[in-house]
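Okay, structure first, notes after.
The values are calculated or read from the model by the stated rules, or taken from the named source; none is laboratory data. Because the structure is predicted, anything quoted here is derived from the model rather than measured. Quick reminder, even Gly has a Cβ in these numbers, built from the backbone with ideal geometry, and neighbours come from all protein chains shown. Surface accessibility is based on the protein's heavy atoms, side chains included, excluding ligands, DNA and RNA. Shrake-Rupley method; radii C 1.70, N 1.55, O 1.52, S 1.80 Å.
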Amino acid sequence: MKLKKLLALLMLSTLVACSPNYNEDVITKADMIVNIEALISKINQYNIKEVSYYSEEIIVLNGVVINPITKTFGKSPDGGFMMTYSQKAAENKIENWSQVLSVTQPNVKLSQENLNEILVDMTEIGVTDVFNDTQYNTVRIQWGNSVMLGINGLVFGENMNVEAFQEHAQFDIFKKVSDGVYFFQLL
């Protein structure tokens, strides 16, 4: 019985250690919102609709999964586990950066250095995913996935139809932080 309790305690501490520390109180602070607005400005400048930083080996940019370590890329899968993304990222060797940009949907015009700056900005504030949804005129910022907390983040949208967007996104928690800024959580 003591062994089971010890194992349960070890597993719980592992789950807590792996969970992001970006809860509602942290990500809705004014200084965080200012940092995110600067990130959104860069995203819009380069026509980025999706950028995700899963690890040093898995980056997604507008439908293309890139492995900068092995200098390979492929079409991003429609969901799945990390292994699926790793396999897709290994499909093509990167000969030059324009080769990667030519398959992004929609096409983006940014240098590798510009992408690296955006990724640095994301990691500095803990953001893992940015989705620019032109249909609903919103930008969704996520702080990873947590076994215990699900997905949480912020939605920015000045002129959005809040009810229509919530019906589309179906978040478990969706509440206004300030004008045009909403906290969400998907459990």
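Overview of results
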item	result
Counted residues, segment 63-91 - those being touching a Pro at 6+ places or on another chain (Cβ under 9 Å) and hydroxyl-bearing (Ser, Thr, Tyr)	2
Filtered residues of segment 70-84 (kept if modelled with pLDDT under 95 and either among the small types (Gly, Ala, Ser) or more than 24 Å from Lys109 (Cβ to Cβ) (or both))	Gly74, Ser76, Pro77, Asp78, Gly79, Gly80, Phe81, Met82, Met83, Thr84
Residues of segment 70-88 classified as assigned to a loop (DSSP other than H, G, I, E, B) and touching a strand residue (DSSP E or B) at 6+ places or on another chain (Cβ under 6 Å), total	1
Pairs where the first residue, in segment 159-185, is among the aromatic types (Phe, Trp, Tyr) and the second is assigned to a loop (DSSP other than H, G, I, E, B) and open to solvent by 30 Å² or more (accessible area, probe 1.4 Å), C-beta under 8 Å, 6+ apart	Phe165/Tyr136; Phe183/Thr28
Some residue of segment 132-147 being open to solvent by 60 Å² or more (accessible area, probe 1.4 Å), in contact with a Leu (Cβ under 6 Å, 6 or more places away or on another chain), in contact (Cβ under 8 Å) with a residue 12 or more places away in the chain and not charged (D, E, K, R)	yes
Pick from segment 41-85, criterion open to solvent by 20 Å² or more (accessible area, probe 1.4 Å) and β-branched (Val, Ile, Thr), ranking: farthest from Ser178 (Cα to Cα)	Thr70
Hits in segment 153-174 - residues which are surrounded by 11 or more Cβ atoms within 10 Å (Cβ to Cβ) and part of a helix (DSSP H, G or I)	Val162, Ala164, Phe165, Gln166, His168, Ala169
Filter result for the condition that a residue is modelled with pLDDT of 85 or more and touching a Ser or Thr at 6+ places or on another chain (Cβ under 9 Å), over Val147, Val177	Val177
Sole residue being of a type outside the set (Asp, Glu), touching a Phe, Trp or Tyr at 6+ places or on another chain (Cβ under 9 Å) and not in a strand (DSSP E or B), chosen from Gln105, Gln142, Gln99, Gln135	Gln99
Extreme residue, modelled with the highest pLDDT, among residues of segment 13-33 that are open to solvent by 90 Å² or more (accessible area, probe 1.4 Å) and in a helix (DSSP H, G or I)	Asp31
